[in-house]
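Student: Below is a structure I'd like to ask you about.
The values are calculated or read from the model by the stated rules, or taken from the named source; none is laboratory data. All figures in this text were calculated on a predicted structure; none of them were measured in a lab. Because the Cβ atoms are built from the backbone with ideal geometry, glycine has one as well, and the counts that use them run over all protein chains shown.
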Amino acid sequence: MNTYMNTFEINENTLRVVLSADKDVKAPYLVKEQPAFNGICTVGTDNGKEESKIIGNGRDLFVQKNSSFVKKDVNRFTFEGGKPIVVTKKTVDGERSFVENANEVKIGEAYEAKVVFEIEPDEAIYGLGQHEDGVLNYRNTTEYLYHNNMKIPMPVFISSKNYAVFFDCSSMMIYEEKDNKITVTCDAVYQIDYYVICGNCFDDLIAGIRTLTGAAVMLPKWAFGYIQSKERYKTQEEILSVADEFKKRDIPLGCIVLDWLSWEDGKWGNMHFDKSRFPDARKMVDELHSKGVAFMISVWPNRKEGCEDHKEFEAAGKLLCNYSNYDAFDEEARDIYWKQCERELFPAGTDAWWCDSSEPFTPDWNGEKKRPEDVRYEMAKESTNKYLDARVSAAHPLWHAKGIYDHQRAACDTKRVCNLTRAGYPGIQQYGTILWSGDIAATWEVYRHQIAEGLSMSMSGMPYWTLDAGGFFVGNTESWKRWANVKEGTRPWFWHGSFENGVADLGYRELYTRWLQLAAFLPIMRSHGTDTPREPWQFGEKGTVYYDTIVKYINLRYELMPYTYSLAAQVAMSGYTMMRSLMFDFENDDNVKDMWQEYMYGPAFLVAPVLEAYQYGPDSTPLNKSSEVEVYLPNGAKWYDYETKQLYEGGQKIKTDAPISKMPLFVRSGAIIPKASKVNGEADTIEVYSGQDGMFVLYLDNGKDYAYEKGEMTTIPVIWSEEQQALMIGKAVGNYSYPEKFHVVLYKEDGTVLSQDIIYKGEDTLVR
């Protein structure tokens, strides 16, 4: 079979390459509409099997070696023509329905397609989404791109040579790199359609990906605070009492979450409150709002047969063949889904959606042992492609999120969409989404893996990523037995936490505290899990080290809110990345190419999480290890210890003490950090760290609605000149109110600290 290659210049930095089995080039699917294609290099030539050098920005990037296409049928299952025989099972991932009498029918044709790229021996390859095992650099690696609990595939990789390859592919995929050759296999496509994005740095590449797939939108400001969650708060009274306790203890709280079973028992996924447990949801949410706390509720794509919402989908013919999930690809089905959200949940004052199980199929979520990845991939294909068109199945979470976003925007433009979702795909950043890493286990190994997974998601173009701080499954066999209400049996493979006694275990208290320190420097800070409670006071009382440290880092999160929220504005308006591999800012430092242990949080902070226990192991076993840890300080800057202000030269490893109360945190020379002294207050302090020139743009808006899209916002550039030893607080641009006073603190290289109070009237203000 001939292979035809077409290349299109999208803009000066982006090339589209289409490989096909015929001369017909299909329109992009994931990629947003682009300006008219120009610069057609090759049309309809049989050169897809030959080597083609890919050039960008005047330099050789990689060599496309060859491609192949094998025709295949695309089938789906249907129960049309008869009453489905449905079996519902309780699983760890909720109640699941299966149809026993479905029939397989052919719905079309496609190709299993492969393309091979040759890259340089010293290149590092990043991205591909989130895949559980803590891989950062995908050299000499095979990765299977499919949706599952704890897996979020992204069909994009970026190279240390400053180019990205984005596949406009919505089927499952396989990535394999061996002997300097990358082989990408697409399960079911009409054509291989990929974009090559060039840039001078990783920020250029991420911005290019979002240019193709859509810009991120602003999340509500409260989403960048602390989100309290657990499996699960069961009643209206319990939710309010937890919020009251936070207020009583003077611990900041941005949002509290109602996990699954807001509905009546036996009506899984029904979007109606159980009135016996939530007699007045509107009153509950109003009371939360009066305390400055947002409310998030768990919603699912599947419904139990017989409940009201299931009957509505059934009558409209908008259920998938498992007779449980709605069809998110269908516009009318998305309309119905939102109508169900809008009947009780949204009018109750709901501020955010927790779209759990949005894959929506997890075929390997059982068994005593985790299956090999190739087996899991085939299981995912078999399960998912029963119910979804294999050519677009990977994009299901994208359409699910789009439905919620579009409908909420149409219904209410005064509340920003916020959607915490377990699955995603390129373009989902347009729809007010936060991705999280699924039902992870509480072990030190999993905790370490999470850092690389978050960085991989960031390097896949996803700006907002978070995790279950402390791990979802805390215990092991006995915990599972308690959850399953059984006395015998073997736990499933994924329920493998190290701490059977939960918060009573000092080993878990140590792990949780370290995990929360990390979470304070993620795009979204969130605590969640089963087995054991998660509120700060469950880890001790005021005056004890774990409690005090947890509260310290929650408070620090709010102290830094002006900094974090300004970074979020850069995400929305400039394609910025908050959680940054060191390759973003220090690509010329050879030591950081494979470094996952540390990362940058915005331009200022080097975050170095503590990666192992030194106080206690499981069952409160004393370890008595040294709390001294090694940190690498990248070359290209000087570094201040954030707590002590001690200054270090870059390009070296140092040892620093990290007691449980301290996560190593360093500030880059030239950094400018706006801070707030009051919870949910605007910036009133500007910290400057001398050593080199620096700039930061402070962003202000109301944090609630979409008025910023109409210009109701203000930006203030803040510039430090090392030569002049002067700070310029620039002119306020915009029509939103701005602070009229700033307390400016300058940390100098010699250890001197200077401070002064400044009156600011919205004009250039020089501070010396």
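Student: How many of the residues making up the stretch 560-593 are of a type in the set (Val, Ile, Thr) and either surrounded by fewer than 19 Cβ atoms within 10 Å (Cβ to Cβ) or part of a loop (DSSP other than H, G, I, E, B) (or both)?
Tutor: The total comes to 1.
Student: Okay, moving on. When you scan the stretch 259-312, how many residues do you find that are buried (at least 20 other Cβ atoms within 10 Å of the Cβ) and of a type in the set (Gly, Ala, Ser)?
Tutor: Final tally of qualifying residues: 5.
Student: Of (1) closer than 25 Å to SER620 by Cβ; (2) touching a Ser or Thr at 6+ places or on another chain (Cβ under 9 Å), LYS481 satisfies all except one. Which?
Tutor: Result: LYS481 passes all but (2).
Student: Might you check whether a residue that is among the β-branched types (Val, Ile, Thr) and at pLDDT below 95 occurs anywhere in the stretch 288-305?
Tutor: Among the residues of the stretch 288-305, not one is among the β-branched types (Val, Ile, Thr) and at pLDDT below 95, which makes the answer no.
Student: Residues that are polar (S, T, N, Q) and either at pLDDT 95 or above or not in a loop (DSSP other than H, G, I, E, B) (or both): does the stretch 317-324 have at least one?
Tutor: no
Student: So, one more: In the set GLU359, GLU344, GLU331, which member is farther than 30 Å from ASN476 by Cα, touching a His at 6+ places or on another chain (Cβ under 7 Å) and not aliphatic (A, V, I, L, M)? Working first, answer last.
Tutor: Working: GLU359 fails: farther than 30 Å from ASN476 by Cα; GLU331 fails: touching a His at 6+ places or on another chain (Cβ under 7 Å).
Of the residues listed, the single one that is farther than 30 Å from ASN476 by Cα, touching a His at 6+ places or on another chain (Cβ under 7 Å) and not aliphatic (A, V, I, L, M) is GLU344.
Student: Can I ask one more? Mind checking which residues of the stretch 383-401 are closer than 20 Å to TYR190 by Cα and either at pLDDT below 95 or outside any helix (DSSP H, G or I) (or both)?
Tutor: THR384, ASN385, LYS386, TYR387, LEU388, ASP389, ALA390, ARG391, VAL392
Student: Of everything in the stretch 402-449, what is in a strand (DSSP E or B) and within 13 Å of the chain's Cα centre (by Cα)? Give them in sequence order.
Tutor: ASN419, LEU420, THR421, THR433, ILE434, LEU435, TRP436
Student: So which pairs qualify, if the first residue must be in the stretch 100-111 and in contact (Cβ under 8 Å) with a residue 60 or more places away in the chain, the second must be loosely packed, with under 13 Cβ neighbours inside 10 Å, the Cβ gap must be under 7 Å, and the two must be at least 6 apart or on different chains?
Tutor: If the second residue must be loosely packed, with under 13 Cβ neighbours inside 10 Å, the pairs left are TYR111/VAL70; TYR111/LYS71.
Student: Which of the residues belonging to the stretch 435-464 are within 20 Å of ALA401 (Cα to Cα), touching an Asp or Glu at 6+ places or on another chain (Cβ under 8 Å) and of a type in the set (A, V, I, L, M, F, W, C)?
Tutor: TRP436
Student: Condition check: of a type in the set (A, V, I, L, M), under 25 Å from TYR425 (Cβ atoms) and not in a loop (DSSP other than H, G, I, E, B). Does VAL116 satisfy that?
Tutor: yes
Student: Okay, moving on. Residue by residue through the stretch 91-122, note down the ones that are touching a Lys or Arg at 6+ places or on another chain (Cβ under 8 Å) and not aliphatic (A, V, I, L, M).
Tutor: Of everything in the stretch 91-122, those that are touching a Lys or Arg at 6+ places or on another chain (Cβ under 8 Å) and not aliphatic (A, V, I, L, M) turn out to be GLU95, ARG96, SER97, PHE98, GLU104, GLY108, GLU109, TYR111, GLU112, PHE117, GLU118, GLU120.
Student: Which pairs do you get when a residue that is assigned to a helix (DSSP H, G or I), found in the stretch 469-485, comes within reach of a residue that is at pLDDT below 95, reach meaning Cβ atoms under 7 angstrom, with the pair 6+ apart or on two chains?
Tutor: Within 7 Å, the pairs are THR477/ARG491; SER479/ASP531; TRP480/ARG491; LYS481/LYS487; LYS481/GLY489.
Student: Among TYR601, TYR576, TYR565, which is touching a residue at least 12 places away in the same chain (Cβ under 8 Å), under 22 Å from TYR747 (Cα atoms) and of a type in the set (Phe, Trp, Tyr)? If you could, list the steps in order and put the result at the bottom.
Tutor: On the way: TYR576 fails: under 22 Å from TYR747 (Cα atoms); TYR565 fails: under 22 Å from TYR747 (Cα atoms).
Within the list TYR601, TYR576, TYR565, the selection yields TYR601.
Student: Across the stretch 133-181, which residue is nearest to ASN385 (Cα to Cα) among those that are of a type in the set (D, E, K, R) and in contact with a His (Cβ under 7 Å, 6 or more places away or on another chain)?
Tutor: Of everything passing the filter in the stretch 133-181, LYS151 is nearest to ASN385 (Cα to Cα).
Student: Then there is this: Consider GLY543 carefully, then state whether it is without any contact (Cβ under 8 Å) to a residue 12 or more places away in the chain and in the same structural domain as GLN450 (by TED's automatic domain parsing).
Tutor: So GLY543 fits the description; yes.
Student: Determine if the stretch 73-86 includes at least one residue that is under 15 Å from ASN302 (Cβ atoms), in a strand (DSSP E or B), touching a Pro at 6+ places or on another chain (Cβ under 6 Å) and hydrophobic (A, V, I, L, M, F, W, C).
Tutor: There is no residue in the stretch 73-86 that is under 15 Å from ASN302 (Cβ atoms), in a strand (DSSP E or B), touching a Pro at 6+ places or on another chain (Cβ under 6 Å) and hydrophobic (A, V, I, L, M, F, W, C).
Student: Go through the stretch 179-235 and give me each residue that's among the acidic types (Asp, Glu) and more than 30 Å from ILE256 (Cα to Cα).
Tutor: Result: ASP179, ASP187, ASP193, ASP203, ASP204.
Student: With SER460, SER498 as the choices, which residue is in a loop (DSSP other than H, G, I, E, B), touching a strand residue (DSSP E or B) at 6+ places or on another chain (Cβ under 7 Å) and touching a residue at least 12 places away in the same chain (Cβ under 8 Å)? Let's see the steps before the verdict.
Tutor: Numbers: SER498 fails: touching a strand residue (DSSP E or B) at 6+ places or on another chain (Cβ under 7 Å).
Step by step, each of SER460, SER498 is checked, and only SER460 is in a loop (DSSP other than H, G, I, E, B), touching a strand residue (DSSP E or B) at 6+ places or on another chain (Cβ under 7 Å) and touching a residue at least 12 places away in the same chain (Cβ under 8 Å).
Student: Scan the stretch 214-241 for residues that are buried (at least 18 other Cβ atoms within 10 Å of the Cβ) and under 30 Å from LYS304 (Cα atoms) and report the count.
Tutor: Qualifying residue count for the region: 9.
Student: If you don't mind, there's one more thing I want to ask. Mind telling me which of the residues ILE158, ILE152 ends up being crowded, with 24+ Cβ neighbours inside 10 Å, more than 21 Å from PHE361 (Cα to Cα), hydrophobic (A, V, I, L, M, F, W, C) and in contact (Cβ under 8 Å) with a residue 40 or more places away in the chain?
Tutor: That would be ILE158, the only listed residue that is crowded, with 24+ Cβ neighbours inside 10 Å, more than 21 Å from PHE361 (Cα to Cα), hydrophobic (A, V, I, L, M, F, W, C) and in contact (Cβ under 8 Å) with a residue 40 or more places away in the chain.
Student: Among what's in the stretch 530-559 and is in a helix (DSSP H, G or I) and of a type in the set (Asp, Glu), pick the residue that is nearest to VAL417 (Cα to Cα).
Tutor: Restricting to residues being in a helix (DSSP H, G or I) and of a type in the set (Asp, Glu), the top hit is GLU559.
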